[in-house]
Amino acid sequence: MAGSAEMASLEESFRKFAIYGDTKATGQEMNGKNWAKLCKDCKVIDGKSVTGTDVDIVFSKVKGKTARVINYEEFKKALEELASKRFKDKGKEEAYEAICQLVAGKEPINVGVTKAKNVGAVERLTDTSKYTGSHKERFDETGKGKGKSGRENIVDNSGYVSAYKNAGTYDAKVKK
């Protein structure tokens, strides 16, 4: 059928889609959601000859009766099933190679992922150089937080009034 380099690339695509969105996935088995995403992202679903419903039906057909996932061998069978639907004008092997070329080397696409951006108000509110009062004491000159020492008043248990100039000199005077 297809070349060994293409098959390795196909297996790599299978593994990338199998682990997509699941932190516990090993990449050995793919669930129905990721199978549908693979077909959509790799343009196997064209909306005319192959639809999302067709993809779901093929997934149900190739997986085991009680299973919820497919392995790599079942994945290849599912691609064979879809190949004849997607490429009706080609022979069985030509159609399988064409569908393998669609899938090989592809990765999951992140669509609609939002990124945080700084807006003027956010920058103004997080600029520590403009802080006043007690909040100013929570950060050093570089804007890095001081941690607990910036949040709490550290109690001086020396016995002297705060800001007393001669603190610590009593013992020197008594010994004379």
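The values are calculated or read from the model by the stated rules, or taken from the named source; none is laboratory data. What you see is a predicted model, and the numbers here were worked out from it, not measured in a lab. Every residue, glycine among them, receives a Cβ derived from its backbone with ideal geometry; neighbour counts consider all protein chains shown. Just so you know, the surface numbers come from the protein's heavy atoms only, side chains and all, with ligands and any DNA or RNA stripped out. Shrake-Rupley method; radii C 1.70, N 1.55, O 1.52, S 1.80 Å.
In straight Cα distance, which aspartates and glutamates are under 18 Å from K144, not counting same-chain residues fewer than 8 positions off?
Hits, sequence-local ones excluded: E123, D127, E152.
Compute the distribution of all C-alpha to C-alpha distances in the stretch 6-75, in bins of 10 Å from 0, and list the percent of pairs in each, rounded to whole numbers.
Reading upward from the zero bin: 21, 53, 25, 1.
Which three extents, in angstrom, do the Cα atoms of the chain have along their principal axes, listed largest first?
Projected onto the principal axes, the Cα atoms of the chain cover 108, 39, 32 Å.
With a 1.4 Å probe and all protein chains left in place, how much accessible area per residue does the chain have, in Å²? Spell out each step's value before the answer.
Values: 12860 Å² over 176 residues.
Here the residues of the chain average 73 Å² of exposed surface.
Using a probe of 1.4 angstrom, how much of the accessible area of the chain is carbon and sulfur, in percent? Intermediate results must be reported in sequence, preceding the final value.
Details: 6450 of 12860 Å².
That share works out to 50 percent.
Around E6, under 11 Å between beta carbons, what's the net of Lys plus Arg minus Asp minus Glu among the other residues? Provide the component values of the computation, followed by the final result.
On the way: positive: none; negative: E11, E12, E97.
Overall, the nearby charge balance is -3.
Which residue, K43, K146, K106, has the most motion in a Gaussian network model of the chain that connects Cα atoms within less than 10 Å?
Largest GNM mean-square fluctuation: K146.
Given Y160, I99, G47, which one lies farthest toward the positive end of the charge dipole of the stretch 37-176, if we put +1 on the Cβ of every Lys and Arg and -1 on the Cβ of every Asp and Glu?
Checking the options against the dipole of the stretch 37-176, the answer is Y160.
How high is the relative contact order of the chain, in percent, with contacts defined as C-alpha pairs under 8 Å that are six or more residues apart? Write down the numbers at each step before the final one.
Working: 157 pairs, mean separation 35.1, N = 176.
Relative contact order of the chain: 20 percent.
Suppose every Lys and Arg Cβ carries +1 and every Asp and Glu Cβ carries -1, with no other charges. What dipole size does the chain come out with about its Cα centre, to the nearest 20 debye? Walk me through the intermediate numbers first.
Numbers: 34 positive and 26 negative charges, 214 e Å.
The calculated dipole for the chain is roughly 1020 debye.
Compute the distance in nm between two label points, each set 7 Å from the Cα along the Cα-to-Cβ direction, one at T142 and one at T26.
It works out to 4.5 nm between the two label points.
Cut-off 10 angstrom, C-alpha nodes, Gaussian network model of the chain. Which of A67, A18, A78 fluctuates the most?
Largest GNM mean-square fluctuation: A67.
Once you keep just the Cα pairs under 8 angstrom separated by 6 or more residues, what percentage relative contact order results for the stretch 1-103? Each step should come with its number before you reach the end.
Working: 114 pairs, mean separation 28.9, N = 103.
Computed value for the stretch 1-103: 28 percent relative contact order.
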